[in-house]
Amino acid sequence: MGSISEVPLLSEKHSGIPQNLLEKAKNAKALIYETRTKETNTRQRLPIIPQGIEKDIFIRALEKLAEQLGKDNVEVNDKPLVDGWYMEHPNTHDMMPILDDEELVASAVVYPSSTEEVQKIVLWANEYSVPIFPISMGRNLGYGGAAPRVRGSVVIDLGKRMSKILDINPDDYTCLVEPGVSFYALHEAIQAKGFAHMWIDIPDLGGGSVIGNTLDRGVGYTPYGDHWACHSGLEVVLPTGEVIRTGMGALPGNNTWQTFPYGFGPYSDGLFSQSNFGIVTKMGMTLMPNPGGHESFMYAFEKEEDLEPLMEIIRPLRIGNILENVAQVRHAIQTIAVKGLPRTKYFSGDGPIPEHVFREQLKKMPIGDHTWLYYGMSYGPPHIRQYKLEIIDKEFKKIPGARKIDPEILPEDEYFWSRDRIAAGVPDLVELLWVNWVPNGAHVAFSPVSPIRGVDAMKLFNLGKRRHDEFGIDFLPAFCVGLREMHLIVEIVYDKNDPAKRKAANDCLREMIDDAAKEGYGEYRTHLVLMDQVADTYNWNDNALMKFNEKLKDALDPNGIMAPGKSGIWPKRYRGRGWEMGKESGAKSEGDGVALTESTKF
Ligand code: EUG
């Protein structure tokens with residue numbers, strides 16, 4: 001990590017930030033270090049040797065791998081664990097740990113430069129029965145970052161040396177990328193080529209990997225916000241070392257890999273999303289046509305209960321494409337937290353910040369008092385927008401007290417303008433300012449899905465609120481509204497240096513997951529330590545889905561080397577040994593050993 005006033009640029013590093021965001025990055029970094037009291041972990045229980053292999057054999061195995069990849073591309077994790085910050089993050093551990101730092105931690109990190117080298121690593125892992133954990137860029141923030149699920153796994157950092165944009169096709173509106181291509185990098189490349197007719201879709205922060213985010217089924221905020229639905233074509237290294245191309249990619253000489261996602265026969269792409277069945281080394285992505293104009297709008301709603309009628313109004317408009325983008329409906333505490341200042345600036349007591357306190361703050365802001373803000377975008381030339389915006393206005397104002405906020409009154413640094421850029425495919429670096437809400441701020445998400453319905457929104461809101469109150473945590477909900485469903489994203493922001501706060505976050509999440517499942521709700525994505533519990537809620541028909549996943553795992557990965565435990569899918573050699581984490585497992589991520597494989601029997 002560089003000095004506190006320096007931030008790496010995209011021109012210097014695949015994970016760097018674009019020049020135009022430099023000031024924002026420096027500011028975000030400074031705010032984080034201002035409240036940091038956590039010291040770098042120097043306990044030196046490192047390196048961690050993964051269970052199932054002797055230390056000296058493991059060290060020799062790494063030397064063998066270094067002979068193949070080059071010494072510089074195999075790094076033993078025996079140095080202090082540096083957290084950095086989210087734009088200069090570690091690839092050895094979760095920089096936002098819920099457990100002890102040294103639970104979800106890599107034994108080593110390796111850097112392949114090609115698909116062939118990824119194959120070599122996979123074959124090596126099979127030879128020595130070493131758990132491997134691929135990351136694209138490791139920015140799975142709120143869900144485990146770069147950390148492996150199994151302690152001592154060898155992390156394969158794909159992004160560092162595989163960060164090429166292999167194609168941008170201005171006729172088909174598609175691209176083909178490697179794992180180290182961030183949304184920032186893709187946006188810059190399209191701009192540099194002068195392709196003003198094409199937009200990309202981006203998440204709240206643009207520093208993440210396009211492949212990583214898409215495989216995890218992340219969301220963005222244009223009409224192309226469902227990233228997984230917008231990809232076309234994968235190249236995958238299987239756990240036994242073979243390489244496949246999915247869809248049209250299987251047909252030699254094709255020119256349709258990025259335009260027709262399905263190809264012929266079973267649609268295999270789903271097997272490689274949120275899974276541990278392969279390592280994606282290339283992915284095609286569709287790009288959006290520039291709509292020829294766009295206009296952000298924002299409505300404020302007064303009361304908590306307004307959420308119910310609002311969702312009933314949104315649903316038909318969204319399905320009917322009058323509301324065109326993945327919008328966010330955000331709670332008022334977030335309006336304040338995203339300013340980036342600590343909560344103590346507003347409230348010095350323990351427990352959740354009282355309503356009258358944040359209401360007082362809101363009254364002082366240009367947006368004024370509210371409970372919910374709807375952030376949306378209308379696309380197309382003015383007369384097209386006007387048609388849609390008039391319908392939206394009429395419908396939203398059916399809710400008493402609903403106000404359209406005039407963007408003219410909002411200062412340049414108002415968060416609204418960040419949402420405006422993001423919904424127009426221009427990456428930004430603002431969203432995570434709310435990690436500064438508490439010292440050593442880290443975050444972890446609770447992310448259930450539901451239809452776009454008032455009753456569901458209220459049930460999930462109340463369920464979350466009740467548990468947050470119980471555990472004394474500020475409640476920061478936001479709804480991301482897709483085409484027929486919405487993701488509720490609740491960010492728990494906690495002091496990662498305080499074991500009691502980490503435990504409260506973990507306990508609160510585990511209660512909410514169970515509460516939600518009892519009501520029929522499931523998470524679309526979750527943190528590494530919660531994956532077993534979430535997977536276990538998808539248990540219809542005597543766990544038939546997990547049995548199917550395990551059958552696939554055993555067939556595709558007989559030695560159980562690839563990302564064991566990811567999405568709750570454990571290879572055979574780990575099963576029945578207490579590796580699953582749940583309410584009872586406390587702060588321990590490891591089970592009791594692994595079974596022998598053919599290669600470890602000697
Ligand atoms: C957001 C965050 C997520 C996610 C989807 C959207 C946006 C937050 C941390 O996870 O999965 C405002």
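A short reminder: the numbers here are calculations on the coordinates, not readings from a lab. As the structure is a computational prediction, the values presented were derived from the model and not from experiment. All Cβ positions, glycine included, derive from the backbone under ideal geometry; neighbour counts span all protein chains shown.
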(message) Please report the net charge: other residues with Cβ closer than 15 Å to the Cβ of I322, K and R +1, D and E -1.
(response) +2
(request) For an R0 of 45 angstrom, estimate the FRET efficiency from the Cβ-Cβ distance between R484 and E54 and round to the nearest 0.05. (result) 0.30
(request) Using θ = phi - 60° and the Karplus relation 6.51 cos²θ - 1.76 cosθ + 1.60, list the HN-Hα couplings for the range 113-127 in order, rounded to whole Hz, with x at every Gly or Pro. (result) 10, 7, 4, 4, 5, 5, 4, 4, 5, 5, 5, 4, 4, 5, 4
(request) Evaluate the distance, in nm, between pseudo-label points positioned 7 Å from the Cα of L341 and of S5 along their respective Cα→Cβ axes. (result) 2.5
(message) How long are the semi-axes of the equivalent ellipsoid of the chain, defined as square roots of 5 times the Cα gyration tensor eigenvalues? Whole Å, largest first.
(response) 38, 28, 24
(request) Indicate the gyration tensor shape class of the range 471-602 (rounded, prolate or oblate), computed on the Cα atoms with a ≥ b ≥ c the square roots of the eigenvalues: a/c under 1.5 is rounded; otherwise a/b larger than b/c is prolate and the rest oblate. (result) oblate
(message) With +1 on the Cβ of every Lys and Arg and -1 on the Cβ of every Asp and Glu, and nothing else charged, how large is the dipole of the chain about its Cα centre, in debye rounded to the nearest 20?
(response) 240
(message) Under 14 Å from a point placed 7 Å out from the Cα of E304 along the Cα-to-Cβ direction: which residues of the range 316-338 have their backbone N that close?
(response) 331-333
(request) Obtain the nm distance between the two label points defined at S113 and D554 by a simple spin-label model: each point lies 7 Å from its Cα along the Cα-to-C-beta direction. (result) 4.1
(request) In nm, give the distance between the simple-model label positions of A192 and Q386, each being 7 Å from the Cα along the Cα-to-Cβ direction. (result) 4.1
(request) Count the net charge of all other residues whose Cβ sits under 9 Å from the Cβ of M137, scoring Lys and Arg as +1 and Asp and Glu as -1. (result) +1
(message) Over 5 Å intervals from 0, what percent of Cα-Cα pairs in the range 372-500 sits in each interval?
(response) 2, 8, 13, 17, 20, 18, 13, 5, 3, 1, 0, 0
(request) Can you tell me the dipole magnitude for the range 294-533 around its Cα centre, using point charges on the Cβ only (Lys, Arg +1; Asp, Glu -1), in Debye to the nearest 20? (result) 140
(request) Give the long-range amide H neighbours of K282: residues separated by 5 or more places, or on another chain, with amide H under 5 Å away, using H modelled in the peptide plane at 1.01 Å from N. (result) E235
(request) Let me know the Kirkwood hydrodynamic radius for the range 294-533, please, with Cα pairs as the basis and the value in Å to one decimal. (result) 18.5
(message) I want the local charge near E485. Using Cβ-Cβ distances under 13 Å, sum +1 for each Lys or Arg and -1 for each Asp or Glu among the other residues.
(response) +2
(request) Go through the range 8-20 residue by residue and turn each phi into a ³J(HN,Hα) via Karplus (6.51, -1.76, 1.60, θ = phi - 60°); whole Hz please, and just put x for glycine and proline. (result) x, 8, 4, 6, 9, 8, 4, 9, x, 10, x, 3, 6
(message) I need the semi-axes of the equivalent ellipsoid of the range 37-166: take the C-alpha gyration tensor, multiply each eigenvalue by 5, square-root it, list largest first in whole angstrom.
(response) 23, 19, 12
(message) Just to verify a number: FRET efficiency for D406 and K518, C-beta to C-beta distance, R0 = 60 Å, to 0.05?
(response) 0.90
(message) Kirkwood hydrodynamic radius, the range 165-289, all distinct C-alpha pairs: what's the number in Å?
(response) 14.5
(message) Under 5 Å between amide hydrogens, which residues at least 5 positions from D428 or on another chain qualify, with H placed 1.01 Å from N in the peptide plane?
(response) G206
(request) On a 0 to 90° scale, report how tilted helix 382-396 is relative to the longest principal axis of the chain, with both axes built from alpha carbons and the result rounded to the nearest 10. (result) 80
(request) Rounded to whole Hz and in sequence order, give me ³J(HN,Hα) for the range 451-464 from the Karplus expression 6.51 cos²θ - 1.76 cosθ + 1.60, θ = phi - 60°, writing x for Gly and Pro. (result) x, 7, 10, x, 5, 5, 4, 5, 4, 5, 4, 5, 4, x
